[in-house]
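A.B. asks: Structure incoming, see below.
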Amino acid sequence: RETPVPEVEVPEGSLPEVHFGDFLRLYGRASDLAAYDAVVTAFTLDCSPNVLRFVRTAAHLIRPGGLWTNFGPLAYDTDHDEGHGHGIELSWEELRHAISHFFDVKDEEFVDSLQAANAESMMQIQYSCIFFTAVRNDKEAVGIGEK
């Protein structure tokens, strides 16, 4: 079936900066300390082999008063490097407690979301996703960006 794609010119520098890869490796450097006013994560929180380190890394990145917003499931269904053991699988209540160490959670809700669906077949993948918005406090994220 045909899928139309519009021809639209996008001016250079008009889109936000996007980085792909391992969140912990991309942003775990000392130079990233309080480097961002806001961070948006989507379908990534449960992909980390250590979700607690993910939270500390987000805290390391965001300046006090800055914003973290997240949307995604807590499915923890990725294959992690077996040499490092299994990942930590926390419930939202447990994860919220860890997040609240570095952030004040302002909004939170569960939203059903289709990750993949085909209207012409019976195939669908649906997740119950956590959406939250949190404001960074001034507690230091010890162990991130240090050798």
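A.B. asks: Leaving out ligands and nucleic acids, and using a 1.4 Å probe, what accessible area per residue does the chain come to in Å²?
C.D. replies: On the way: 10080 Å² over 147 residues.
Computed with neighbouring chains in place, this is 69 Å² per residue.
A.B. asks: Another question, then. Given the options 112, 46, 104, state which has the largest fluctuation in a GNM of the chain using a 10 Å cut-off (strictly under) for Cα springs.
C.D. replies: 112
A.B. asks: Roll a 1.4 angstrom probe over the protein heavy atoms and tell me the percent of accessible area of the stretch 23-136 that is carbon or sulfur. Let's see the in-between values first.
C.D. replies: Values: 3400 of 6580 Å².
Taking all protein chains in place, the stretch 23-136 shows 52 percent carbon and sulfur surface.
A.B. asks: Give me the number: length gained by fully extending residue 93 to residue 34, i.e. 0.36 nm times residue separation minus the C-alpha to C-alpha distance, one decimal in nm.
C.D. replies: Details: separation 59, 0.36 × 59 = 21.24 nm, distance 2.62 nm.
Computed gain between residue 93 and residue 34 is 18.6 nm.
A.B. asks: Among DSSP beta bridges whose residues both lie in the stretch 23-136, state the antiparallel percentage, nearest 5. Write out the running numbers ahead of the final one.
C.D. replies: On the way: 20 of 26 bridges.
About 75 percent, rounded to the nearest 5.
A.B. asks: In Å and from the alpha-carbon atoms only, list the Rg and Dmax of the stretch 1-127.
C.D. replies: Over the stretch 1-127's Cα set, Rg and Dmax evaluate to 17.4, 50 Å.
A.B. asks: Compute the relative contact order of the chain as a whole-number percentage, counting only Cα pairs closer than 8 Å that sit 6 or more residues apart in sequence.
C.D. replies: Values: 230 pairs, mean separation 39.6, N = 147.
So the answer I get is 27 percent.
A.B. asks: Please identify every one of the trypsin sites (Lys or Arg not before Pro) in the stretch 1-82 that sits in a loop by DSSP and has no more than 11 other beta carbons within 10 Å of its own beta carbon. Working shown, then result.
C.D. replies: Numbers: sites: 1, 25, 29, 53, 56; in loops: 1, 29.
Here the trypsin sites (Lys or Arg not before Pro) that fit, given the DSSP loop and packing criteria, are 1.
A.B. asks: Compute the longest continuous run of the chain that contains no exposed GluC sites (Glu not before Pro); treat a site as exposed when its DSSP state is not H, G, I, E or B and it has at most 15 other Cβ atoms within 10 Å.
C.D. replies: Values: sites that count: 2, 7, 9, 12, 17, 89, 120, 140, 146.
For GluC sites (Glu not before Pro) (loop position, at most 15 other Cβ atoms within 10 Å), the longest site-free span of the chain is 18-88.
The values are calculated or read from the model by the stated rules, or taken from the named source; none is laboratory data. Remember, it's a predicted structure, so these values are computed and weren't measured experimentally. Here the Cβ is made from the backbone with ideal geometry for all residues, glycine too, and neighbour counts use every protein chain on show. These accessible areas exclude ligands, DNA and RNA; they are computed on the full protein's heavy atoms, side chains included. Shrake-Rupley method; radii C 1.70, N 1.55, O 1.52, S 1.80 Å.
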